[in-house]
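Working notes for the structure below.
No lab work stands behind these numbers, since they all come straight from the coordinates. Keep in mind that this is a model prediction, so the values were computed, not measured. For neighbour counting, all protein chains shown are included, and Cβ atoms are generated from backbone atoms with ideal geometry for every residue, glycine included.
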């Protein structure tokens, strides 16, 4: 095989592997290039004018970094790395969507530069060292519910949401209207914030797939020094999405009332 034949084979294969959906002026392209999680890179491309386009990541990068445990708030040391990569590649970061406006005749080259930037950003996931709280708060909550005589299950399967399947710790569903429970603990403020954002995402995702009558509640581990980990801004995140929370120690009476609803 000669060089020209090799190039032709690669170009033909690449072209056959690209999927496009949409209209002539705005479409989504699924490329045969992979994200770190193994999914294909998916981009949005909008025609702005003659030889001018807007390339977008459709919000996937922020979502994948969040799910991968990469914090991009002001307290995170990875936020600076993120901003540096975005700036070096001339990307626009607005409303959790990354985009690049390009003009000229080299759309393909610009597209690959954009993909390179996205893959560099997604690689920040590999810098996260996952730490799991050693405290078995789920068992503590289970013991409490049992002592109160509440009837509950520990779901063996995750709950189907709009974009994925998510684990809940308890299902109170034998007496009153079903309520799904998440029990959250943490050892650091960063862990608490991540647990807050992730649980809100998962609960909202299930709510989007279920009826308006689907209910959930979050029980927060505030024993001893852990009460200081759940900052007011985390409470505002739950309240903003109308997700009820109960502090295990500070709101014990409220937790008892919840358990009483599910006594036989």
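What to note about this one:
- Which of 127, 190 has the fewest Cβ neighbours within 10 Å, and the rest in rising order: 127, 190
- 24 Å tail of the calculated P(r), the stretch 44-188, as % of Cα pairs: 53 percent
- Among 28-35, 5-12, 181-188, the peptide with the highest mean count of other Cβ atoms within 10 Å heads the list, and the full ranking is 181-188, 28-35, 5-12.
- For the chain, the longest principal axis of the alpha carbon atoms and the long axis of helix 137-147 meet at an angle near 30°.
- Residues 241, 66, arranged from fewest to most other Cβ atoms within 10 angstrom of their Cβ, appear as 241, 66.
- Cα-based convex hull, the stretch 137-260, per residue volume (Å³, whole number): 103 Å³
- Its alpha carbons considered, the chain gives a radius of gyration followed by a Dmax of 23.3, 78 Å.
- In the chain, helical runs assigned H by DSSP with n ≥ 4 each contribute -39500 (n - 2.57); averaged across all residues and rounded to the nearest 500, the mean residue ellipticity at 222 nm is -12000 deg cm²/dmol.
- Nearest 10 degrees, 0 to 90: helix 107-122 Cα axis against the chain principal axis: 30 degrees
- Extension gain from residue 241 to residue 225, taking 0.36 nm per residue of separation minus the Cα-Cα distance: 3.1 nm
- Residue exposure sequence - 18, 55 - by fewest surrounding Cβ within 10 Å: 18, 55
- Percent RCO, i.e. relative contact order, over the chain, from Cα pairs under 8 Å lying at least 6 residues apart: 13 percent
- Square roots of 5 times each gyration tensor eigenvalue, C-alpha, the stretch 31-102, largest first, Å: 23, 16, 10
- The long axis of helix 3-17 is offset from the longest Cα principal axis of the chain by roughly 40 degrees.
- Cα principal axis extents for the stretch 3-127, largest first, Å: 50, 32, 25
- Label-to-label distance, nm, for residues given as residue 26 and residue 261 (7 Å Cα→Cβ offset): 4.1 nm
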